[in-house]
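Report on one structure; see the data block that follows.
Since every read-out is calculated from the coordinates, none of them should be taken as a lab result. Note that the coordinates shown come from a computational prediction; the quantities given were computed from them, not determined experimentally.
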Amino acid sequence: MAGTGVWVFKRDGVMQLEADVEGGTGRRQRRLVYVPANETMGSLQALERRLAGLGWERYYEDRAVVQLHRRDGGADLISLPRDFARFRSTHMYDVVLKNRDHFKVLDN
């Protein structure tokens, strides 16, 4: 049976599976941080407020998903779960990728 973990690329180009166990949950706890204020995003409302300040606005929403796009007409979209308990690393890195100087992901 395969264990859980993260594939890490070493300097010599070799890929290695490292155990990903913290607190017995089998999942590493991460948090999205708004860098200018050193504020951890703890809710969809807080994240939307910070993204609005960077030119993002709601584009589409349904019962499960909220999508944001740039007011300036760019092609980028950010899709976020309406239920912030379903907010995962993939969502965090999507926000970071599209707002590189303003957000970062930290391990707890």
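So here's what we get for this one:
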| quantity | calculated |
| --- | --- |
| Length-normalised contact order for the stretch 29-105 - Cα pairs under 8 Å, 6+ apart - percent | 30 |
| Shape call, the stretch 29-105: gyration tensor on alpha carbons, a/c limit 1.5 | oblate |
| Arg28 long-range amide H proximity, modeled H, under 5 Å | none |
